[in-house]
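Just so it is clear, none of the values below were taken in a lab; they were calculated from the coordinates. As the structure is a computational prediction, the values presented were derived from the model and not from experiment. Cβ atoms come from the backbone with ideal geometry, glycine included; neighbour counts cover every protein chain shown.
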Amino acid sequence: MTTRRDVLALAATSIAAGMARPAKAAAPAGQLTVGVHITLAPTWLDPAETAGIITPFMVLYALHDAVAKPMPQGNPSPSLAESWSAGEDGLSYEFVLRKDAKFHNGEPVTADDVKFSFNRYRGAAHALLKERVASVEAPDPQRVVFKLKNPWPDFITFYTVASGAGWVVPRKYVEKVGEDGFKRAPIGAGPYKFVSFTPGIELVLEAFDQYWRKPPSVKRIVLRVIPDESTRLAALKNGEVDIAYSVRAELAEELRRTPGLTLRPTVGSAPYYLYFPEQWDSKSPWHDHRVRLATKYALDYNTINKALTLGYSHITGSIIPENFEFYEKLAPPVYDPNKARQLLADAGYAGGFDAGFYTCDVAYANLGEAAINYLAEVGIRAKLRPLERAAFFKGYAEKKYKNIIQGSSGAFGNAATRLEEFVVKGGNYAYGSYPDIDALFPLQEVELDYAKRAAILTKMQRLLDERTMYVSIWQLAFISGVGPRVGESGFGLIKGFVYTAPYEEITLKST
């Protein structure tokens, strides 16, 4: 009889079989430059610091490697581990590491490094993982065993997909140079080695030709910070960069019309939404469900979508990505400003009210501007406060904001991992919660029957929608531009990931 353990092990091994290193490949050559839309944060060089957002993986996929991670072959796919298996009781998971994986300094990747990296991890899912993992053992250099305190259906998802805990750094090197030294000159096991990092300017990477999966085709990759959208497009048009991230609205139309350039819209795993952190404060207007519902009717979603992302974003009405496991399809939101005004009047705000700050990531301030204009039309008056991405999410997680938050997350995971972070009590980005929704969450955590678990998560999503805890704007279509020198850009190869990856698949056209 085939057991659950066998199925997991066979699935992992079969995927790995399609990822073998080629016998011989041409030496890496050329340079590819990416115009990045946000300021690169030094913490993104270190897997241990990974926040509950997708942006750090832009760097992690180049510099580092993980025990398993989302790849074109599957989500997750074996990487540094060639296979894994689960105990019949659901209380243990064993990973078997491949023998040919090396760090950039030539040292082999061992079970001790995997254990060290897990224990060192202090990112967004730190408390959750440490609370549920009883121990990590490395019985030999190629095997790692995780023992859980209780069965946890989402262990693999959290460890390999929804956090940075499964990304591996070299223990000996970190202990030798210290935490600050590692950030200054990180060594990983990914397809690209660290060359230099100039904060606010660029990150320079060079191919690691001993990467176990396959040697990269491109010799050098430069991630250049160009925050201004028009400047990024100009750099793409004149050949200063080969790829430009995040080009929208009129500039995206211009990109599409420009000979030699290719428009690449990718719908990832990032719903954007409005969040009302004071909805649990009885003295706040946001405490009244009618006010939150009025906000939902105030936005013209389709017009915003067409104006900013050329209609490529998906209007789902949910903060759970539609590509996630356990996603429940909800009724899409409807634009009805008259109904919004009536709801405000019923709540005692016939003349509207001053809503304070509308805090957002500066890279999507244009979305904030559009939303603020629509809110003002029904009487909800707010002031835009855009912040650099790293600072925005730090303040968001530290519960520093009031009034309105324009939030998002493109992190990998499933419906349960997203609810854990943003909805239930104790979540990293949950400023409050509702007892009946909270009560359902632990039930699905231990439910091993898939259909029963799905039913619980469906109910949670419907309650979330009924409460208008959030107002979903869209699931973002991330629009990028690709120049004429690029062969394989890497866009869309990994399901739900909007940046260029895997880096070892990127190519330049031969000249």
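Could you tell me what % of all Cα pairs in region 115-255 have separations over 28 Å? The proportion of pairs with Cα distances above 28 Å equals 41 percent.
Packing, as the average of other Cβ atoms within 10 Å across residues, places the peptides 481-490, 216-225 in the order 216-225, 481-490, highest first.
Length available on full extension from residue 183 to residue 462: 0.36 nm per residue minus the Cα-Cα distance, which gives 96.2 nm. Each part gets one Cα centre, and for region 76-139 versus region 323-354 those centres are 44 Å apart.
Within region 68-113, the GluC sites (Glu not before Pro) that combine a DSSP coil assignment with at most 12 other C-beta atoms in a 10 angstrom radius are 88.
Screening the chain for whole DSSP H helices with an alpha carbon extent of at least 30 angstrom along the helix axis and a mean Kyte-Doolittle hydropathy of at least -0.5 yields nothing.
For the chain, treating each Cα as an identical point scatterer without solvent, what Debye log10 I(q)/I(0) comes out at q = 0.06 1/Å? Each listed q corresponds, in turn, to -0.28. Placing dummy labels 7 Å off each Cα toward the beta-carbon, the span from residue 102 to residue 329 is 5.1 nm. Once the convex hull of all Cα atoms in region 41-182 is built, its volume per residue stands at 108 Å³.
Extension gain for residue 91 to residue 29 (0.36 nm times residue separation, less C-alpha to C-alpha distance): 17.6 nm. In summary, region 268-477 shows an alpha-carbon radius of gyration equal to 0.98 times the 2.2 N^0.38 Å reference for compact globular proteins. Taking region 351-369 and a reference point 7 angstrom along Cα→Cβ of residue 402, the backbone N atoms nearer than 15 Å belong to 354-359. Positive contributions from Lys and Arg (+1) and negative ones from Asp and Glu (-1), summed over other residues with Cβ under 9 Å from the Cβ of residue 183, come out at -3. Using helices alone, what [θ] at 222 nm do you get for the chain, with -39,500 (n - 2.57) per DSSP H run of 4 or more residues, divided over all residues and rounded to the nearest 500? Per the formula, -9500 deg cm²/dmol. The alpha carbon convex hull volume per residue for region 28-94 rounds to 146 Å³.
Under 15 Å from a point placed 7 Å out from the Cα of residue 369 along the Cα-to-Cβ direction: which residues of region 214-229 have their backbone N that close? Taking a point 7 Å out along Cα→Cβ of residue 369, the residues of region 214-229 whose backbone N falls under 15 Å are 228-229. Computed from the Cβ-Cβ distance with R0 of 35 Å, the FRET efficiency linking residue 436 to residue 354 stands at 0.65.
The label-point distance for residue 249 and residue 383, in a model that sets each label 7 Å from Cα toward Cβ, rounds to 2.2 nm.
Taken along its three principal axes, the alpha carbon spread of region 216-287 comes to 56, 31, 21 Å, from the longest extent down to the shortest. Net charge in the neighbourhood of residue 158 (other residues with Cβ under 9 Å of its Cβ; Lys, Arg +1, Asp, Glu -1) is -1. Lysine pair count for region 190-297 (Cα-Cα distance under 25 Å; residues 8 or more apart in sequence or on different chains): 4.
Here the peptides 286-298, 44-56 are ranked by packing, the mean other Cβ count within 10 Å, and the order with the highest first is 44-56, 286-298.
Shown for region 66-176: lysine pairs separated by 8 or more places, or found on different chains, whose C-alpha atoms are under 28 Å apart, numbering 28. Under the simplified labelling scheme, the residue 446-residue 338 pair shows an inter-label distance of 5.3 nm, with each label point 7 Å from Cα along Cα→Cβ. In sequence order, region 490-496 has phi-based couplings of x, 5, x, 6, 9, 4, x Hz under the Karplus curve 6.51 cos²θ - 1.76 cosθ + 1.60, θ = phi - 60°, and Gly or Pro positions carry x. For region 223-279 versus region 484-500, the spacing of their alpha-carbon centroids is 14 Å.
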